[in-house]
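Q: This structure is in structure tokens; I'll ask about it shortly.
The values are calculated or read from the model by the stated rules, or taken from the named source; none is laboratory data. Worth saying up front: this structure is predicted, and the values here are computed from it rather than measured. Glycine gets a Cβ as well: all are built from the backbone with ideal geometry, and neighbour counts include every protein chain shown.
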Amino acid sequence: MSIENDLYLTKDYDKKYCMQVFAPLDVAFVKGKGSYLYDTEGNKYLDMIGGIAVNSVGHGHPVLTKAIADQAKKLIHCSNYYYIPGRSELAYNLCRKSFAEKVFFSNSGAEANEAAIKLARGYFHYKGEDRYEIITAKMSFHGRTMATIAATGQEKFRTPFEPVTPGFKYIEFNNIDELYEAVTDKTAAIMLELIQGESGVHPAAPDFVLEVRNLCNEKGILFIDDEIQTGVGRTGKMFCYEHYGVKPDIMTLAKGLAGGVPIGATLCTDEVATGFHVGDHGSTFGGNPLAMAAGNAVLGIITEEGLLSNADYVGDAMMTELQRLAQKYPQVVQVRGRGLLIGIEFNSLISASMMRSVLFKKGFLVSAIGTSTIRIAPPLSIAKYEAMSFVTALEKILKEESKNK
């Protein structure tokens with residue numbers, strides 16, 4: 001039995017048979033094309049959140065869908081007991097585009113970060129050094145496994161599942177003095193998002209990132225760059241660290257890497273890769289032929305269609321217009337971000353959930369972060385006129401709110 005086009009049955013089955021860990025909007029999407037999604041009633045929505053930075057090349061891209069279909073016809077899964085050509089190719093492509101020399105593939109951002117944590121500890125173990133502590137930032141988000149919620153600098157994610165994995169310390173984001181105070185002879189790594197997405201899109205300060213890299217060099221500490229959300233073109237460069245003029249020792253990717261097919265990747269230097277020996281880590285589905293075909297297709301599309309420059313161009317245009325709204329309407333407290341990852345924070349007159357709901361009714365999809373911020377992360381292929389239609393809609397809402405206050 002198919003319930004694909006029946007919203008009522010979908011909602012009923014979800015409540016009866018799915019664990020209620022999400023709070024979905026009253027809609028079910030059944031088709032996507034480019035920057036748009038279509039629901040069971042045929043209504044069209046501009047996808048300004050892109051599956052939370054996942055649908056990097058848009059919906060239904062012909063090159064990506066063909067690559068997935070062609071690979072599915074040949075081989076979907078093959079055990080890591082054997083060589084997987086697509087995995088070798090994607091590892092080569094990622095290393096060629098980044099600082100990295102080795103890659104481990106998994107299925108999600110949480111798994112990629114879990115691998116990074118293990119790798120950092122394993123690196124020092126095999127060197128014979130008792131270093132296991134990992135410093136992260138408050139308000140960070142690194143995943144939902146037991147180790148990655150321990151790494152996440154937000155108590156609300158940890159408290160229900162305590163005791164969590166030990167060995168993590170938290171400092172204020174962009175506070176270099178606190179970071180220096182947190183470092184001990186047990187410190188193995190400093191793990192950061194260069195733009196904190198889940199806390200409201202807060203970029204790291206350039207001088208802070210430079211100091212982190214210098215501190216790591218001085219103390220022999222590993223720098224883990226969590227680019228689950230910022231990687232693969234999201235900020236207008238292939239990787240966010242390129243904006244800061246530094247290179248990490250370990251970097252994690254997921255979300256946009258395969259355009260919607262589950263994937264995770266942990267990248268590192270040859271030296272750091274010594275932290276894993278044969279049998280130390282693995283993933284049944286990691287590096288499977290289907291996900292690898294999708295990942296290689298996405299990297300090809302980004303290059304061939306100039307999506308890095310498009311993300312930079314459209315992102316700058318949006319930022320300019322959104323900053324104009326911030327100057328014109330006091331309800332907008334701040335606009336933050338880089339490229340096509342933008343947070344818009346409102347004052348107490350407008351809640352994030354209310355704005356998300358109003359935009360939804362007007363045909364625009366965004367996410368609500370906390371009580372006051374909405375997040376934008378559309379496909380890297382979004383056209384400027386599409387992005388500007390969102391800005392126009394937002395201005396109309398703000399204008400109406402100004403009249404009613």
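Q: Would you call ASN5 touching a residue at least 12 places away in the same chain (Cβ under 8 Å) and closer than 29 Å to THR373 by Cβ?
A: Judged against the criteria, ASN5 is not a match.
Q: Exactly one of (1) under 23 Å from the mean Cα position of the chain (by Cα); (2) of a type outside the set (A, V, I, L, M); (3) crowded, with 23+ Cβ neighbours inside 10 Å is unmet by GLY275. Its number?
A: (1)
Q: What pairs come out if I take residues in the stretch 309-335 that are on the phi < 0 side of the Ramachandran plot and buried (at least 17 other Cβ atoms within 10 Å of the Cβ) and pair them with residues that are at pLDDT below 95 and small (Gly, Ala, Ser) whose C-beta lies under 7 Å away, six or more apart or interchain?
A: Between residues of the stretch 309-335 that are on the phi < 0 side of the Ramachandran plot and buried (at least 17 other Cβ atoms within 10 Å of the Cβ) and residues that are at pLDDT below 95 and small (Gly, Ala, Ser), the close pairs are TYR329/SER402.
Q: Identify, please: which residue in the stretch 79-101 is within 19 Å of LYS237 (Cα to Cα) and of a type in the set (A, V, I, L, M, F, W, C) and is, among those, surrounded by the fewest Cβ atoms within 10 Å (Cβ to Cβ)?
A: The residue in question is CYS95.
Q: In addition: I need the full set of residues from the stretch 309-329 which are touching a Lys or Arg at 6+ places or on another chain (Cβ under 9 Å) and among the polar types (S, T, N, Q), in order please.
A: Hit for the stretch 309-329 is ASN310, nothing else.
Q: Inspect all residues belonging to the stretch 336-343 and state whether any of them is in contact (Cβ under 8 Å) with a residue 24 or more places away in the chain and over 17 Å from the mean Cα position of the chain (by Cα).
A: Checked against the condition, which is being in contact (Cβ under 8 Å) with a residue 24 or more places away in the chain and over 17 Å from the mean Cα position of the chain (by Cα), the stretch 336-343 yields no hits at all.
Q: For the subset of the stretch 219-268 comprising residues that are out of contact with any helix residue (DSSP H, G or I) (no Cβ under 6 Å at 6 or more places or on another chain) and of a type in the set (Phe, Trp, Tyr), which member is nearest to ARG121 (Cα to Cα)?
A: Here the answer is TYR241.
Q: Select from the stretch 225-239 the residues that are crowded, with 24+ Cβ neighbours inside 10 Å and either of a type in the set (A, V, I, L, M) or within 19 Å of SER381 (Cβ to Cβ) (or both) and list them in ascending order.
A: Across the stretch 225-239, the qualifying residues are ILE228, GLN229, THR230, GLY231, VAL232, GLY233, ARG234, THR235, PHE239.
Q: Quick check: is even one residue across the stretch 379-387 closer than 17 Å to LEU46 by Cβ, surrounded by fewer than 19 Cβ atoms within 10 Å (Cβ to Cβ), of a type in the set (Phe, Trp, Tyr) and in contact (Cβ under 8 Å) with a residue 12 or more places away in the chain?
A: Checked the stretch 379-387: no residue is closer than 17 Å to LEU46 by Cβ, surrounded by fewer than 19 Cβ atoms within 10 Å (Cβ to Cβ), of a type in the set (Phe, Trp, Tyr) and in contact (Cβ under 8 Å) with a residue 12 or more places away in the chain.
Q: To continue, here is another question. Mind listing whichever residues of the stretch 185-224 are over 24 Å from MET238 (Cβ atoms), surrounded by 19 or more Cβ atoms within 10 Å (Cβ to Cβ) and among the aliphatic types (A, V, I, L, M)?
A: Across the stretch 185-224, the qualifying residues are ALA188, ILE221.
Q: Take the stretch 41-61 and flag every residue that is touching a strand residue (DSSP E or B) at 6+ places or on another chain (Cβ under 8 Å) and outside any loop (DSSP other than H, G, I, E, B).
A: Start the filter on the stretch 41-61 by keeping residues that are touching a strand residue (DSSP E or B) at 6+ places or on another chain (Cβ under 8 Å), which leaves 44-49, 52-61.
The answer is LYS44, TYR45, LEU46, ASP47, ILE52, ALA53, HIS59.
Q: Moving to a separate point now. Looking for something assigned by TED's automatic domain parsing to the domain that holds ARG121, surrounded by 23 or more Cβ atoms within 10 Å (Cβ to Cβ), closer than 28 Å to LEU307 by Cβ and of a type in the set (S, T, N, Q) - is there at least one such residue anywhere in the stretch 151-167?
A: Filtering the stretch 151-167 down to residues assigned by TED's automatic domain parsing to the domain that holds ARG121 leaves 151-167.
Add one more test, that the residue is surrounded by 23 or more Cβ atoms within 10 Å (Cβ to Cβ), and what stays is 151-153.
Okay, now just the ones that are also closer than 28 Å to LEU307 by Cβ, so none.
Within the stretch 151-167, none of the residues are assigned by TED's automatic domain parsing to the domain that holds ARG121, surrounded by 23 or more Cβ atoms within 10 Å (Cβ to Cβ), closer than 28 Å to LEU307 by Cβ and of a type in the set (S, T, N, Q).
Q: Scanning the stretch 201-237 for residues that are part of a loop (DSSP other than H, G, I, E, B) and more than 13 Å from the chain's Cα centre (by Cα), which turns out nearest to ASP312 (Cα to Cα)?
A: Looking at residues that are part of a loop (DSSP other than H, G, I, E, B) and more than 13 Å from the chain's Cα centre (by Cα), I get GLY236.
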